[in-house]
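What follows draws every value from the coordinates through simple rules; no lab data is involved. The structure presented is a predicted model; accordingly, all values stated were derived computationally and were not measured. When we count neighbours, we look across all protein chains shown, and the Cβ atoms used for this are built from the backbone with ideal geometry, even at glycine.
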Amino acid sequence: MATQSRLTVVGLGSGDADQLTLGVWRRLQNASRLFVRTEHHPMMALLRENEIAYESFDRFYEQHDNFPDVYEAIATELVSLALASSISELPEGLAAPTHAAISSNPGIVYAVPGHPMVAERAVQLLRERCEEAGVALEILGGESFLDQAFVRLGFDPIEGFQLLDAVELQPSLLQPQLHTVIGQVYDAFTASDLKLTLMERYPDDYPVVVGHALGVQGEEQIVRIPLYELDRIDGYGNLSLVWIPRSEDESLRNRSFDRLHEIVSILRSPEGCPWDREQTHQSIRKNFIEELYEALEALDNDDPDGMREEFGDVILQVMLHSQMEEEVGSFSVYDVIQTLNEKLIFRHPHVFGDRNANSSEEALGNWEQMKAEEKARNGTDKDRKSVLDGIPRDLPALMTAYKIQKKAAKVGFDWDELGPVLAKIEEELGELREAASSGSDDEKIGELGDLLFAVVNAARFVDADPEEALARTNMKFKRRFSYIEERLRIEGKTFDQTDLIEMDRFWEEAKRQE
């Protein structure tokens, strides 16, 4: 007689005995050994009433700090138990036991709340491992908590529906236009984390529904509350869920990237805006530059409201240019995002890979090394004939000088210390003085450029970005000059009614007040 290892997984339904299927009930009654994921389920009372012995895996929840380890332990033990147990004896030549034989002797049975294929990670692990281990796995469904959710909460999933796990929920998964049911809301701590995640997409007072033990007579609770109260109510447990009804609220839709893509595509469509349809890369090229500088101004002013608006304007330029390429089939903005994501992952091996970086210098070194490897793979360096290639030609001259010097320094063409750099500035200043007194206009411009280039070199040696340094000085000058204007206004004077001596006095007053 041949033997076969067998494991049967059954669903206990959402908690009411009337929801238990006849097939599951027979297997529970005939199990040679019955295991349940948790004893904290209403169906345990039915098993005890009918004197059906069972063993619980609740001990694993006490032994491990996280759910993945719990599910791993359950799956490992069940496979070992199935292999160690001769579940059914088969007559030689019979390929498989009949359905009746399985029902009358299912061998080891593992019972889970709801349906085995809904929110049961251990069952997924069993599906992966039983075949490799030579264990015959049968999964018998029961009514899941979703069945009762549709009935008791009263919504039709055909309208658009998603089921999410509270423990692993990310804001990017939330889609307000769909009915959203969130399971695994075990306790108030999970509810608190869930609340914070939902607030990334929904207003604090958005109405949500909490359901406890749906369909279980005497235990069911359905509570409608504003989102901010999600972790302030009692009753959370193994049979709890949160339902967020679908919404067509434009303010919610407008918080999604997909909505932005949709709007831009509409603007560029035949039914869209005539001005947007007429634009080309070149026609709005200057807009990109202007929006970037306006965003920088908001940054410099430390203006959160301005940043929020100006950052949006910068994103709009990316969207418009990407939409133009999408229309001709080159790429879409999703290709842009994919390329960026892959670049960030590849260039941060100390975060997403197996390298280490204990300082910003080490992290930058990893970035540069991976960047060079990336360019070698892509062949983007093969057309570059000079070390100085690869600098955008439209960068401001100050930024271009800074990048040129950094590239030259990487191959050793650089000063060793700050002293000679400062001496070079003095030399260039002397040459500018000489050109200013007797040189041509071209000579004056040339010597001024040399002086500025030398000053940029000094910026590198004091670890300062020359563009940022000059921007700060510009803001400082404007601040002090505004003080002069205010003092003249208070004294009822105009610039025609003052002189340099008085303005310089006001200037010094402004300096002392900083």
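Modelled label-to-label distance, Leu153 and Glu248, 7 Å Cα→beta-carbon offset: nm?
2.1
When only alpha-carbon atoms are used, what values of Rg and Dmax, in angstrom, describe the stretch 397-464?
12.8, 38
Stretch Met307-Arg285 to full length: gain in nm at 0.36 nm per residue minus the Cα-Cα span?
Here the segment from Met307 to Arg285 would lengthen by 5.8 nm.
At q = 0.18, 0.20 Å⁻¹, what base-10 log of I(q)/I(0) does the Debye formula yield for the stretch 365-514 when every alpha carbon is treated as an equal point scatterer in vacuo?
Normalising to I(0) and taking log10 leaves -1.15, -1.22.
Quick one: if the Förster radius is 35 Å, what FRET efficiency do Asp204 and Val314 give, using the C-beta to C-beta distance and rounding to 0.05?
About 0.80, to the nearest 0.05.
Ignoring everything except DSSP H segments at least 4 long, calculate the 222 nm mean residue ellipticity for the chain; use -39,500 (n - 2.57) per segment, divide by total residues, nearest 500.
Here the helix-only value at 222 nm equals -16500 deg cm²/dmol.
Which of the three applies to the stretch 107-165, rounded, prolate or oblate, going by the alpha-carbon gyration tensor with a ≥ b ≥ c and a/c under 1.5 meaning rounded?
Prolate, because a/c is 1.5 or more and a/b exceeds b/c.
Rounded to the nearest Å, what's the spacing between the alpha carbon centres of the stretch 18-69 and the stretch 302-339? Just the number, please.
Taking the Cα centre of the stretch 302-339 as reference, the centre of the stretch 18-69 is 53 Å away.
Hydropathy at least 0.5 by Kyte-Doolittle, axial extent at least 24 angstrom from the Cα trace: which helices of the chain, defined as entire DSSP H runs, fit?
67-84
Within the stretch 163-182, find all residues whose amide N lies under 19 Å from a label point positioned 7 Å from the Cα of Met117 along Cα-to-beta-carbon.
From the stretch 163-182, the list is 163-165.
Which lysines, on any chain, are close to Lys343 with Cα under 29 Å apart, when same-chain ones fewer than 8 places away are left out?
Within the straight-line cut-off, Lys343 pairs with Lys286, Lys371, Lys375, Lys382, Lys385, Lys403, Lys406, Lys407, Lys410.
Name all residues of the stretch 342-356 having a backbone nitrogen under 18 Å from the label point set 7 Å from the Cα of Lys371 along its Cα→Cβ direction, giving them as ranges.
From the stretch 342-356, the list is 342-352.
How do Phe461, Phe57, Phe145 line up, fewest other C-beta atoms within 10 Å first?
Neighbour counts put them in this order, fewest first: Phe461, Phe57, Phe145.
Largest first and to the nearest Å, give the Cα extent of the stretch 469-512 along each principal axis.
Result, largest extent first: 34, 16, 14 Å.
Please say if the stretch 221-345 is rounded, prolate or oblate, where rounded means a/c under 1.5 for a ≥ b ≥ c the square roots of the C-alpha gyration tensor eigenvalues, and otherwise the choice is prolate for a/b larger than b/c and oblate otherwise?
In terms of gyration-tensor shape, prolate.
Work out, step by step, the length gained on full extension between Tyr54 and Ala188: first 0.36 nm times the residue separation, then minus their alpha carbon distance; give nm to one decimal.
Between Tyr54 and Ala188, full extension yields an extra 45.3 nm.
For the ranges 468-481, 422-435, what's the packing order if you count other beta-carbon atoms within 10 Å of each residue, average per peptide, and put the highest first?
With the highest mean Cβ count within 10 Å placed first, the list reads 422-435, 468-481.
Which of the three applies to the stretch 315-420, rounded, prolate or oblate, going by the alpha-carbon gyration tensor with a ≥ b ≥ c and a/c under 1.5 meaning rounded?
Verdict is oblate for the stretch 315-420.
Which GluC sites (Glu not before Pro) from the stretch 289-324 combine a DSSP loop assignment with at most 14 other Cβ atoms within 10 Å?
none
For a footprinting-style exposure proxy, rank Ser240, Ser265 by other Cβ within 10 Å, fewest first.
Exposure proxy ranking, most exposed first: Ser265, Ser240.
Whole angstrom only: what separates the Cα centroid of the stretch 109-126 from the Cα centroid of the stretch 367-445?
64
How big is the C-alpha Rg of the chain next to the rule-of-thumb value 2.2 N^0.38 Å, as a ratio?
1.49
Taking 0.36 nm per intervening residue step and subtracting the Cα-Cα distance, what contour gain separates Ile490 from Ile266 on full extension?
Full-extension gain reported as 75.3 nm.
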